[in-house]
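A short write-up of the structure that comes next.
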Amino acid sequence: MSLDEESQQLVAAFAAAGSPATHETTPAIARLSGPSLAAMSGRGPEVGETREIELTGEDGGTFRVRVLSPSGTPSAVLVYYHGGGWVLSDIDLQYDTVARRLVDRAGCTVVMVNYRKAPEHRFPTAVDDAWTALTWVDEHRDDLAPPGAPLLVAGDSAGGNLAAVMAQRARDRGGPTIDEQILVYPVTDRDLDRPSYHDPENQLLLSRATMEWFWGHYAPDPQAREHPDASPLRHPDLTGLPPAFVYLAGHDPLHDAGREYADRLAAAGVDVTMEVAAGQMHTFFQMANLLPGYARGIDRVVQRIAERVTVHSPASA
């Protein structure tokens, strides 16, 4: 299916604005686009409570998490890692809108992790911050949702990479117990030569050149990129991982590696649902109120959360 009309119009608008491609700029300049995109998205719905927590990373540095709780009793705890190639974005702009929508629609507590970014903080800082946040949530989960409520990890793009790595690390370290991993067009491998990376129809807001730029800032050492904490597809053993919802974009350089990760999970006996958002491009899930694909994506993720909550309800026990 070709790229949908709304996405085509958005890509054309960016091109008409004359802004350079991300990989043609510096991280500092690329980050300047965040406020304008956030203004276009607008603020998400009001939630029951919002708290800012400062955590200390393994290296002694600090970072924030934002805890957004619904007005009623939370159905689950969702730890969300935002996208941006480990270099861009944060929890204050578009992703705050995404989080608020998830809280409002799914009725769960969402913990947004503002892991530290490259190139100022290179691999594995983002991974270690993601783990610190996950263990903090596990230690406080009875304060975040009723006892027995499911714990889920989720993320898009680089955040999907971190969510997948957290599922692997939690299994390898004997906990926390993760009940679901929701991976939205995740970065699963450092190899940029799969067909989807070279497909001309996929060179949109994210291109192969932009992914080279992201990897160069995040993990400039090629050997570091081989580690499963950077490329979760390279973990030799995917058995025993939590159920996974792998949600891919139809037009995305990352598509083939994401599909391969879903296939390997299934081959390892993991309960996997893999779906493709036809006609959508990479970044659609963060384009709050800008693309219809965003709304449909939220609907699908909310449905998946509800399914997981149902599995863990007393009536299904």
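Restricting to region 189-227, name every residue that is under 17 Å from the mean Cα position of the chain (by Cα) and either more than 28 Å from THR26 (Cβ to Cβ) or not acidic (Asp, Glu) (or both).
Across region 189-227, the qualifying residues are ARG190, LEU205, LEU206, MET211, PHE214, TRP215, TYR218.
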Completion exercise
Scanning region 141-157 for residues that are outside any strand (DSSP E or B) and touching a residue at least 60 places away in the same chain (Cβ under 8 Å), the one nearest to TYR81 (Cα to Cα) turns out to be SER157
Practice task
Report the residue count in region 55-113 for those that are without any contact (Cβ under 8 Å) to a residue 24 or more places away in the chain and under 16 Å from MET287 (Cβ atoms).
Solution key: 0
Practice task
Find the strands (runs of 3 or more DSSP E) located wholly in region 26-111 whose residues include 2 or more that are surrounded by fewer than 20 Cβ atoms within 10 Å (Cβ to Cβ) and among the aliphatic types (A, V, I, L, M), and list them.
Solution key: 49-56
Practice task
Evaluate region 68-76: report whether one residue or more is under 15 Å from the mean Cα position of the chain (by Cα) and at pLDDT 95 or above.
Solution key: no
Problem - Out of ALA106, ALA126, ALA130, sole residue that is within 20 Å of VAL309 (Cα to Cα) and at pLDDT 95 or above - result: ALA106
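What residue, of SER157, SER207, is buried (at least 18 other Cβ atoms within 10 Å of the Cβ), at positive phi, hydroxyl-bearing (Ser, Thr, Tyr) and out of contact with any helix residue (DSSP H, G or I) (no Cβ under 7 Å at 6 or more places or on another chain)?
Only one candidate passes the filter, namely SER157.
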Problem - Candidate set: region 30-66, residues that are among the hydrophobic types (A, V, I, L, M, F, W, C) and modelled with pLDDT of 95 or more; chosen: the one farthest from ARG208 (Cα to Cα) - result: VAL47
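Could you tell me whether THR188 is out of contact with any helix residue (DSSP H, G or I) (no Cβ under 9 Å at 6 or more places or on another chain) and under 17 Å from GLY83 (Cβ atoms)?
no
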Practice task
Using the structure shown, decide if THR177 is part of a loop (DSSP other than H, G, I, E, B), out of contact with any helix residue (DSSP H, G or I) (no Cβ under 6 Å at 6 or more places or on another chain) and among the polar types (S, T, N, Q).
Solution key: yes
Handout entry: Of all residues in region 257-281 being more than 30 Å from GLN9 (Cα to Cα) and among the aliphatic types (A, V, I, L, M), the one that is nearest to the chain's Cα centre (by Cα)
Key = ALA262
Exercise for the section: Return a yes/no flag: does region 273-295 have any residue that is farther than 27 Å from THR25 by Cβ and among the β-branched types (Val, Ile, Thr). Expected result: yes
Handout entry: Test: VAL272 is β-branched (Val, Ile, Thr) and exposed (fewer than 15 other Cβ atoms within 10 Å of the Cβ)
Key = no
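Go through SER19, SER7, SER2 for me and flag whichever is in contact with a Gly (Cβ under 8 Å, 6 or more places away or on another chain), in contact (Cβ under 8 Å) with a residue 12 or more places away in the chain and surrounded by fewer than 17 Cβ atoms within 10 Å (Cβ to Cβ).
Values: SER19 fails: in contact with a Gly (Cβ under 8 Å, 6 or more places away or on another chain); SER7 fails: surrounded by fewer than 17 Cβ atoms within 10 Å (Cβ to Cβ).
Going through SER19, SER7, SER2 in turn, just one is in contact with a Gly (Cβ under 8 Å, 6 or more places away or on another chain), in contact (Cβ under 8 Å) with a residue 12 or more places away in the chain and surrounded by fewer than 17 Cβ atoms within 10 Å (Cβ to Cβ): SER2.
The values are calculated or read from the model by the stated rules, or taken from the named source; none is laboratory data. Please read all numbers here as calculations on a predicted model, not as lab measurements. When we count neighbours, we look across all protein chains shown, and the Cβ atoms used for this are built from the backbone with ideal geometry, even at glycine.
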